[in-house]
Amino acid sequence: MVKVKIVKQSFLFLLLTSSVLLSSCTTISNWFYDEEELEIRRLKPIEAQFTATEIWSADLGAGIGNFYSKLSPAVAYDKVFAANRQGIVSAYDQATGKKIWSKDFAIHDEEGVTSGISKLWSNGVSAKIAGGISVAYETVFFGTENGEVIALDANTGEQKWITRVKGEVLAAPAIDAGIVLINTGSGFVFALNADSGEEVWSSESDVPPLSLRGVSSPAAVNGGAIIGTATGKLIVNILETGQTAWEQVISAATGVTELERIVDIDSEPLVAAGNVYVISYDGTLAAVELRTGRVIWKREYKSYRRMSLAGSTLYLVDVNSNLYALDSRNGVELWSQGALKQRLLTGVTAVGNYLVAGDKFGYLHWFDQADGKIVARLEVGDDDEDESIYHSPVVDGDTLYTQTRDGKLVAVKTP
């Protein structure tokens, strides 16, 4: 009897000790955050209309760490292509997530030693892949901060060509009519031959003394090369020759300090129905006629995130993570959603009748397109900023693909 009593007492002691430790851990973990941060981290309950399902996930080997990056997956030819900053580029089966091929572009010295560390234990010197992946003509195109543009066979991963350009490649290439369009941090835009990587033409725009870390992804549509610049201009060049068709000032620098004069257009121009929609960091959203460069309307919204369009409705996320829906024909605001402020919400992507975006705590959120109501959410990270989702999800059908800051590639199905 005594023995049994001792066991029970010991068990109760362990339970009490565990409870105290867990309570202490929770208290200690909360010590790292002030009330404002805790309020941002708290998610209010929602009435979920459906449950999204994670189909598969893959480890990219590494992520982007705390570096700025626009890396996101690309979907084509029944494959999902993804890369990490270190230099690994891989292709996965779209349905199962099984790896098809993988290539390493990290830099290793000839003797297998990098910075005095054996190659066996070293990942090499980072290739600094940052701009994102584009796929066309059964070829994978991407660039690096070292000014390299690389083309790989989409089926085998074998390198087709590599070309060096002047400036960091911080945005995904745009491809059309046999031309690969590259926008760089140095203000240069390069048009490369998609088959050989040879330069077809280049153009240069001014770069202000102070600008955001990043550049606008170019758009190549209807024979035009459409570029947003760090000086707040929208420029359209003839894709074949590089000749300037027109340029339009979207936002002019008017502040006193260099910080107040930041007018970067870092979001990819959105082209639809003969118009270009573009937004600047300092607070100008504009609809511009593609053929002439005439401004149709302007509104005051501040963003560097990718915009999206579904039907005649334009969706954008501002710098404070507020989501807005506007009538694309006249810029009239239809609704707004501010429940996820300060969570570093990505741009939204349309999937079915919903919009989906990620946040810095590893959550995906689904919104009703009609009124912005949050209708579902799914945690694919670990409520940790190392596992944040930092770029708009990529959607194919009812399945979306996204990657986290620590290098997790995830496929999620929307019912």
Surface accessible to a 1.4 Å probe, Lys298 within the full protein complex, Å²: 90 Å²
Residues whose placed amide H lies under 5 Å from that of Ala272, excluding near-sequence neighbours: Tyr277
Integer Hz, Karplus 6.51/-1.76/1.60 couplings in order for the range 233-238, x for Gly and Pro: 9, 10, 10, 10, 10, 5
Residues Phe50 and Asn320, FRET efficiency given R0 of 30 Å [Cβ-Cβ distance, rounded to 0.05]: 0.60
Gained length - Glu379 relative to Lys298, 0.36 nm times residue gap less alpha-carbon distance: 25.5 nm
The range 299-312 - phi-based ³J(HN,Hα) in whole Hz, Karplus 6.51/-1.76/1.60, Gly and Pro as x: 9, 9, 9, 10, 7, 10, 8, 5, 8, 9, 9, 9, x, 9
Residue-count net charge about Thr96 - beta-carbon cut-off 12 Å; Lys, Arg +1, Asp, Glu -1: +1
Largest-first ellipsoid semi-axes for the range 143-193, taking √(5λ) over the Cα gyration tensor eigenvalues, angstrom: 19, 13, 8
Label point distance in nm, Tyr68-Val249, each placed 7 Å from Cα along Cα→Cβ: 2.4 nm
Within-14-Å neighbourhood charge of Thr51 [Cβ basis; K, R +1; D, E -1]: -2
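The values are calculated or read from the model by the stated rules, or taken from the named source; none is laboratory data. Nothing here was measured: the structure is a model prediction, and the numbers come from that model. Here the Cβ is made from the backbone with ideal geometry for all residues, glycine too, and neighbour counts use every protein chain on show. We work out accessible area using only protein heavy atoms, side chains counted, and drop any ligands, DNA or RNA first. Shrake-Rupley method; radii C 1.70, N 1.55, O 1.52, S 1.80 Å.
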